[in-house]
Amino acid sequence: MNSQQKAANPPKLLTNRFIQTIILSNVLLQIGIWVRNFAILLYVADKTGNDPYAISLISVAEFAPIFVFSFIGGTFADRWLPKKTMIWCDLLSAVSVFVVLLTIHYGSWHSVYFVTFISAILSQFSQPSGMRLFKQHVPEDQLQQGMALFQSLMAIFMVLGPMLGTLAYSNLGLEASVAVMGVVFLLSAAVLFRLPKDKVNEQPKPVKGQFMKELSEGFRYVWQSQVLRMLGAAFILAGLAVGLSQALGLFIVTERLGKPEEFLQYMLMVNGIAMLVGGGIVAVFSKRVPPQMLLSLGMLIGAICTVIVGYSTNVTVTLATQFINGLAFPCIHIGISTMILKWSHESIVGRVNGVLNPMFTGMMVISMSLAGKLKGEFPLVSIYTGAGFLFFFGAMVLIPIMSQKAPENLNVSQVVNET
């Protein structure tokens, strides 16, 4: 009877020990990531005289592992104990940071790229494990609120992170900044010991030689689910749109607004503040809105705002539009994460995440790499209008699944065994 009452009255989100622990761990990791990103960026810029190739390699080191290791990491995350996996990933990240720190100290400055590269690889194992734990320890009706909290956390660091990273590098230098990253990874690992124990008895035992079969099950699970299939299509279109708009943001500042390059930081700051506010709003009202409607709303607003930013030559209009776009962006992130969790069985959520995540990132990197060439062939207004239409088509893709509700009893074996 007590268990039934507990299920009927789940604890408030912020009193959930799992949520408290994961948030604290993520705060520490965000500090390390932003210090790392800006310390390495400023260091490489100083060392190479702002060489664009050397600077672009930082993004390659950050995004390349997503293509190679996202599928693999998602599959292993479903095989391994999630709490243990997350702790080991943070510990190994810390060890790799201190090893690289030694090589930097003794003269090999190029090894700074490995700090980002190794951390990005390990995150492909840790992140889907965190999704599995979310599925286990957060009540179904609080999943969307939980995602909203994490979106708000990301928004806070989008505002504070650049300042934090710049201050660390300016006052401490590269080696001390990298050491800070190693320390916060160790602290994060220590915090994660507070997580509830892994459910060893419920963990499926990995079968030797079955890795490729389990990997293919993730693709088959996504393909057999109409909701996840449509989500994948929306991922692709959103990734293309985001890549174009992010890559050419500097030209909006210099060509459309006639401002110096430094003005871009104010646009990003306005966007980050709005994301923080938007995440809070979604957290309050998220229970009343289905995640697919939330995602569609975010993409529609993104479509309109992207077109306006492309056309605008007025600073006030552009900043106001950036703010509105920032308010809507949490709808996209929260909608996507909630749909993955609600329409995926706990035993396969890592693989589903591993299949869908590269679709967005891959398309974003492709459009970012093509943005420069498109800029030489088409006016900036046309490119931003095209990006707006990509967002719009992404929202339209979701119409067939708008009325669907998440299944109460997911049967993973029934889906993956279908041919």
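Okay, residues lined up against (1) over 17 Å from V349 (Cα atoms); (2) not assigned by TED's automatic domain parsing to the domain that holds L133:
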| site | (1), (2) |
| --- | --- |
| A155 | yes, yes |
| Y169 | yes, no |
| A176 | yes, no |
| V184 | yes, no |
| Q224 | no, yes |
| query | Do we find that S93 is in the same structural domain as A190 (by TED's automatic domain parsing) and surrounded by 15 or more Cβ atoms within 10 Å (Cβ to Cβ) in this structure? | reply | yes
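Do we have A328 as out of contact with any Ser or Thr (no Cβ under 7 Å at 6 or more places or on another chain), surrounded by 16 or more Cβ atoms within 10 Å (Cβ to Cβ), in contact (Cβ under 8 Å) with a residue 24 or more places away in the chain and not assigned by TED's automatic domain parsing to the domain that holds T254 here?
On the way: out of contact with any Ser or Thr (no Cβ under 7 Å at 6 or more places or on another chain): yes; surrounded by 16 or more Cβ atoms within 10 Å (Cβ to Cβ): yes; in contact (Cβ under 8 Å) with a residue 24 or more places away in the chain: yes; not assigned by TED's automatic domain parsing to the domain that holds T254: no.
So A328 does not fit the description; no.
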| field | Which numbered condition T48 fails, given (1) buried (at least 18 other Cβ atoms within 10 Å of the Cβ); (2) without any contact (Cβ under 8 Å) to a residue 12 or more places away in the chain; (3) among the polar types (S, T, N, Q) | value | (1)
| When the stretch 215-243 is examined, which residues are found to be surrounded by fewer than 20 Cβ atoms within 10 Å (Cβ to Cβ) and over 18 Å from I399 (Cβ atoms)? | L215, S216, F219, R220, W223, Q224
| field | Candidate set: the stretch 132-178, residues that are surrounded by fewer than 20 Cβ atoms within 10 Å (Cβ to Cβ) and β-branched (V, I, T); chosen: the one nearest to V27 (Cα to Cα) | value | I156
| query | Could you give every pair whose Cβ atoms fall below 6 Å, whose first residue belongs to the stretch 293-318 and is within 13 Å of R256 (Cβ to Cβ) and among the hydrophobic types (A, V, I, L, M, F, W, C), and whose second residue is assigned to a loop (DSSP other than H, G, I, E, B) and modelled with pLDDT under 95, counting only separations of at least 6 or pairs across chains? | reply | V315/L257
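Tell me which residues, restricted to the stretch 235-248, are touching a helix residue (DSSP H, G or I) at 6+ places or on another chain (Cβ under 6 Å) and modelled with pLDDT of 80 or more. If you could, list the steps in order and put the result at the bottom.
We begin by selecting, within the stretch 235-248, every residue touching a helix residue (DSSP H, G or I) at 6+ places or on another chain (Cβ under 6 Å); these are 235-245, 247-248.
Those that are touching a helix residue (DSSP H, G or I) at 6+ places or on another chain (Cβ under 6 Å) and modelled with pLDDT of 80 or more: F235, I236, L237, A238, G239, L240, A241, V242, G243, L244, S245, L248.
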| Looking at this structure, is P82 surrounded by 23 or more Cβ atoms within 10 Å (Cβ to Cβ) and either within 20 Å of the chain's Cα centre (by Cα) or aliphatic (A, V, I, L, M) (or both)? | yes
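The values are calculated or read from the model by the stated rules, or taken from the named source; none is laboratory data. Worth saying up front: this structure is predicted, and the values here are computed from it rather than measured. Reconstructed Cβ throughout: ideal geometry from the backbone, glycine too, with neighbour counts over all protein chains shown.
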